[in-house]
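Following: one structure in structure tokens, then a few remarks.
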Amino acid sequence: MSFEFIRKLPTPAEIKEEFPVPAELISLKEKRDAEIRDVICGKSNKFLVIVGPCSADNEDSVCDYVNRLAKLNEKVSDRLVLIPRIYTNKPRTTGEGYKGMVHQPDPEKKPDFLAGLVAIRKMHIRAVEESGLTCADEMLYPENYRYLSDILSYVAIGARSVEDQQHRLTVSGFDIPAGMKNPTSGDFSVMLNSVFAAQHPHSFIYRGWEVNTSGNELAHTILRGATNKHGQNTPNYHYEDLNRLLEMYGKMNLKNPACIVDTNHSNSNKQFEQQVRIAKEVMHNRKLNSDIHSLVKGLMIESYIEEGCQKVGGGIYGKSITDPCLGWADTERLILDLADYE
């Protein structure tokens, strides 16, 4: 056989029972979820900033970063909602490279999925306990979502996952916002079809169960740029792109039209320092057009303690081992500038 079955892993219920969310965090999450929901639904004028490392590779440095965000949040919470990125799965274009903490809780050691599941849950709980900020993660593997479903406040569906039926159907069972990225081709219709699917109820097989979902009215779009047939990156955050998305939303009869602009990836051509300029252009366009202002609910920014990136084993604390990120100083300055726009 091509599959070698190593060991049966604990179910989400078993992991949750062993590592429960402390009671005081349950009410905190409810308040955070309501605050974020109100932004997506247009009941709040606050602006979302989903910000943090490309991938969460080390619990101590990630929690250090989130605690810095918490202190900054005290200055901007009347205008912004800061949502730390704690991304524990890393999609790889070719399948090679570090795939995230769920695979390798220690990036320099072999994969250990049992240790990984425990590590990501403990890290997410610790981050919320210390900072008071519930976080975002990427749902790369739909069957793994429930290991963190009681602690997350936001989930992103990546460009390579958004066309997948199981991802779309799983999102339809969420009760938190889920951002559906445009595919790498840049096709807006694919992205909007994924939002349509996620907003409607479905019946399907999930983790060995026959399930029904009620639909997730908080599913929305994320613009992350595209890659053309020549392998060149093309941005899609400009005024014309936002207007086009607005028009297409209007034809789809979707609930809560909303868009998050990802300032990195193909939008920046992975030139991480360009995220500052891109973020400010988006904010400027929101000022120019009241409809765009209503549509664009937030930004997604890749940021860590130290700017740039390093190879696995590089040894620099708080520096990305995957895509390059903004450093803390530039991030802090940018977030304060974003608050001034609001």
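The values are calculated or read from the model by the stated rules, or taken from the named source; none is laboratory data. Just so you know, these numbers come straight off a predicted model, no measurement behind them. Neighbour counts run over all protein chains shown; Cβ positions are idealised from the backbone, glycine included.
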Quiz item: Considering only the range 91-103, how many residues are buried (at least 20 other Cβ atoms within 10 Å of the Cβ) and in contact with a strand residue (DSSP E or B) (Cβ under 8 Å, 6 or more places away or on another chain)?
Solution: 0
Exercise. Tell me which of these Asp106 doesn't satisfy, since it passes every other one: (1) under 19 Å from the mean Cα position of the chain (by Cα); (2) in a loop (DSSP other than H, G, I, E, B); (3) surrounded by fewer than 23 Cβ atoms within 10 Å (Cβ to Cβ).
Key: (1)
Quiz prompt | Condition met for Arg160 (within 22 Å of Ile222 (Cα to Cα), touching a residue at least 40 places away in the same chain (Cβ under 8 Å), part of a loop (DSSP other than H, G, I, E, B) and among the basic types (Lys, Arg)) | solution = yes
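Identify, from the list Ala226, Ala198, the residue that is more than 23 Å from His293 (Cβ to Cβ), in contact with a Lys or Arg (Cβ under 7 Å, 6 or more places away or on another chain) and either in contact (Cβ under 8 Å) with a residue 24 or more places away in the chain or surrounded by 16 or more Cβ atoms within 10 Å (Cβ to Cβ) (or both). Don't jump to the end; show me each part of the working.
On the way: Ala226 fails: in contact with a Lys or Arg (Cβ under 7 Å, 6 or more places away or on another chain).
The match here is Ala198.
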Quiz item: Could you list, in sequence order, the residues of the range 115-136 that are polar (S, T, N, Q) and assigned to a helix (DSSP H, G or I)?
Solution: Ser131
Exercise. Given the conditions (1) in a helix (DSSP H, G or I); (2) more than 20 Å from Ser320 (Cβ to Cβ), report the number of the one that Ser149 does not fulfil.
Key: (1)
Practice problem: All but one of (1) without any contact (Cβ under 8 Å) to a residue 12 or more places away in the chain; (2) buried (at least 20 other Cβ atoms within 10 Å of the Cβ) hold for Ala115, so report the exception by its number. | Solution: (2)
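Considering the range 27-48 alone, what residues qualify as being in a helix (DSSP H, G or I) and either in contact with a Lys or Arg (Cβ under 9 Å, 6 or more places away or on another chain) or in contact (Cβ under 8 Å) with a residue 12 or more places away in the chain (or both)? Outline the logic, then answer.
Taking the range 27-48 first, the residues in a helix (DSSP H, G or I) are 27-40.
Once the filter is applied, which keeps residues that are in a helix (DSSP H, G or I) and either in contact with a Lys or Arg (Cβ under 9 Å, 6 or more places away or on another chain) or in contact (Cβ under 8 Å) with a residue 12 or more places away in the chain (or both), the range 27-48 yields Leu28, Lys29, Arg32, Asp33, Glu35, Ile36, Arg37, Asp38, Val39, Ile40.
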Quiz item: Say we look at the range 125-150 and pick out the residues that are within 16 Å of the chain's Cα centre (by Cα) and polar (S, T, N, Q); which of these is surrounded by the fewest Cβ atoms within 10 Å (Cβ to Cβ)?
Solution: Ser149
Exercise. Have a look at Leu69, Leu28, Leu9 and point out the one that is hydrophobic (A, V, I, L, M, F, W, C) and either in contact with a helix residue (DSSP H, G or I) (Cβ under 6 Å, 6 or more places away or on another chain) or over 20 Å from Ser131 (Cα atoms) (or both).
Key: Leu9
Practice problem: State the number of residues belonging to the range 151-160 that are more than 25 Å from Glu74 (Cα to Cα), surrounded by fewer than 24 Cβ atoms within 10 Å (Cβ to Cβ) and of a type outside the set (D, E, K, R). | Solution: 1
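Looking only at the range 54-82, which residues are farther than 22 Å from Met283 by Cα and part of a loop (DSSP other than H, G, I, E, B)?
Narrowing the range 54-82 to residues farther than 22 Å from Met283 by Cα: 54-68, 70-71.
Within the range 54-82, Cys54, Ser55, Ala56, Asp57, Asn58 qualify.
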Quiz item: Any idea which of Arg37, Arg7 is modelled with pLDDT of 95 or more and among the basic types (Lys, Arg)?
Solution: Arg37
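Determine whether the range 230-237 contains at least one residue that is crowded, with 22+ Cβ neighbours inside 10 Å and more than 24 Å from Ala34 (Cα to Cα). Don't jump to the end; show me each part of the working.
Pass one, the range 230-237, residues crowded, with 22+ Cβ neighbours inside 10 Å: 237.
Still in the list and also more than 24 Å from Ala34 (Cα to Cα): 237.
Among the residues of the range 230-237, at least one is crowded, with 22+ Cβ neighbours inside 10 Å and more than 24 Å from Ala34 (Cα to Cα), which makes the answer yes.
For the range 251-271, enumerate the residues that are basic (Lys, Arg) and under 19 Å from the mean Cα position of the chain (by Cα).
So in the range 251-271, the residues basic (Lys, Arg) come out as 251, 255, 270.
Hit for the range 251-271 is Lys270, nothing else.
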Self-check item: Hits in the range 186-214 - residues which are over 27 Å from Cys135 (Cβ atoms), of a type outside the set (A, V, I, L, M, F, W, C) and either touching a strand residue (DSSP E or B) at 6+ places or on another chain (Cβ under 6 Å) or assigned to a strand (DSSP E or B) (or both)
Solution: Gly186, Pro201, Ser203, Glu210, Asn212
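Going by the structure shown, is Ile260 surrounded by fewer than 23 Cβ atoms within 10 Å (Cβ to Cβ) and within 23 Å of Arg68 (Cβ to Cβ)?
Spelling it out, it is not the case that Ile260 is surrounded by fewer than 23 Cβ atoms within 10 Å (Cβ to Cβ) and within 23 Å of Arg68 (Cβ to Cβ).
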